[in-house]
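Student: What follows is a single structure, and I will ask about it in a moment.
What follows is calculated from the coordinates using simple rules that are stated; it is not laboratory data. In this text, all values refer to a predicted model and were calculated from it rather than measured experimentally. So basically every Cβ, Gly included, is an ideal-geometry build from the backbone, and we count neighbours across all protein chains shown.
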């Protein structure tokens with residue numbers, strides 16, 4: 001197994017990352033609500049939990065009436081999941097745990113009725129775990145079966161963030177009297193994962209991608225989208241922020257949704273912030289046009305190569321014009 005893959009899977013061995021995810025009540029309760037409010041879909045069914053971690057989703061599914069849950073994870077955390085699942089009264093006739101790569105193992109069943117997975121990463125697609133879910137879907141899901149969640153939507157907006165941009169990027173102009181400006185370009189290439197204050201958002205919101213888990217292909221995950229952002233006040237745009245919403249919708253009598261955006265409750269995904277070379281000074285109602293694209297990095301497909309192009313040209317004010325193409329690496 002390549003070192004990058006070993007590093008990825010071993011990062012989930014430690015309890016800390018699972019503690020963070022379990023304490024994310026927005027995330028965990030959304031899954032529980034989607035399962036418990038639609039128990040009729042789980043009763044007597046065979047369920048596959050892809051990337052089961054500590055087994056929380058598997059136990060939800062079994063509690064909801066699943067006949068059998070097959071729980072798969074490559075990480076060594078599955079040893080702890082086994083202890084937890086058995087401690088809570090779920091026997092091997094209810095939950096079967098398998099350690100291994102989804103693409104390499106053989107399941108004890110030919111087909112499953114439902115696939116559940118918490119596959120989302122920063123910027124939705126970071127770490128490329130969705131590829132594995134889609135493999136499982138194509139290999140094991142019965143015709144008409146469910147993938148939960150089944151909908152993911154990505155959004156972009158402009159934010160005012162001058163103070164932090166100066167702290168993060170401007171800092172390199174003068175480091176104890178020395179010019180460290182070559183570092184600025186390097187720092188700019190790395191998106192910041194952080195919580196954005198809703199008051200910082202100073203443009204309209206634009207949808208840049210939508211994925212339906214029942215039909216999306218791995219090829220579709222490399223996407224490109226134009227955007228058009230309207231300034232909602234006179235301000236300065238220092239960065240673009242991207243987040244995603246998740247939906248449990250198909251065939252559910254009670255759909256469940258949650259958002260990782262700046263206008264919603266905190267989640268461990270936070271938001272992804274992309275600082276711009278220019279500071280764009282806007283008046284209310286002016287538009288920033290641009291595009292954003294994302295694709296897996298060639299050297300490490302779990303990383304993302306992201307490109308943002310922006311163009312701002314207010315009429316008769318050349319001094320405020322700003323346009324640039326920037327590349328980022330999410331790693």
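Student: Using just the helices of the chain, give the 222 nm mean residue ellipticity in deg cm²/dmol: DSSP H runs with n ≥ 4 each add -39,500 (n - 2.57), and the total is spread over all residues, rounded to 500.
Tutor: -6500 deg cm²/dmol
Student: Quick one: Debye curve from the alpha-carbon atoms of region 63-151 only, equal weights, vacuum; give me log10 I(q)/I(0) at q = 0.13, 0.19, 0.21 Å⁻¹ to two decimals.
Tutor: -0.46, -1.00, -1.20
Student: Given a Förster radius of 22 Å and the C-beta distance between residue 299 and residue 222 as r, what FRET efficiency does 1/(1 + (r/R0)^6) yield to the nearest 0.05?
Tutor: About 0.90, to the nearest 0.05.
Student: In what sequence, highest mean first, do 191-202, 265-276 appear when ranked by Cβ atoms within 10 angstrom?
Tutor: 265-276, 191-202
Student: Tell me whether the chain comes out rounded, prolate or oblate; compute the Cα gyration tensor, take square roots of the eigenvalues as a ≥ b ≥ c, and use a/c under 1.5 as the rounded threshold.
Tutor: prolate
Student: Would you calculate the separation in nanometres between label points at residue 80 and residue 98, each defined as 7 Å from the Cα along the Cα-to-beta-carbon direction?
Tutor: 2.4
Student: When you count, for each residue, the other Cβ atoms within 10 Å and take the mean per peptide, how do 94-107, 236-249 rank with the highest first?
Tutor: Answer by packing, highest mean first, reads 236-249, 94-107.
Student: So how far, in whole Å, is the C-alpha centre of region 149-226 from the one of region 259-312?
Tutor: Their Cα centres are 4 Å away from one another.
Student: Follow-up. Could you estimate the translational diffusion coefficient of region 3-118 from the Stokes-Einstein equation, with Rh from the Kirkwood formula over C-alpha pairs, at 10 °C and 1.306 mPa s, in whole µm²/s?
Tutor: It diffuses with D of about 111 µm²/s by this estimate.
Student: Return the FRET efficiency for the residue pair residue 315, residue 291: r is the Cβ-Cβ distance, R0 is 22 Å, and the value is rounded to the nearest 0.05.
Tutor: Result of the calculation: an efficiency of 0.50.
Student: Any chance you could run the full-extension gain for residue 327 through residue 87? It's 0.36 nm times the residue separation minus the Cα-Cα distance, nm to one decimal.
Tutor: Length difference between fully extended and current span is 81.6 nm.
Student: Would you mind getting the Kirkwood hydrodynamic radius of region 199-331 from its Cα pairs, rounded to one decimal in Å?
Tutor: Kirkwood radius, region 199-331: 16.7 Å.
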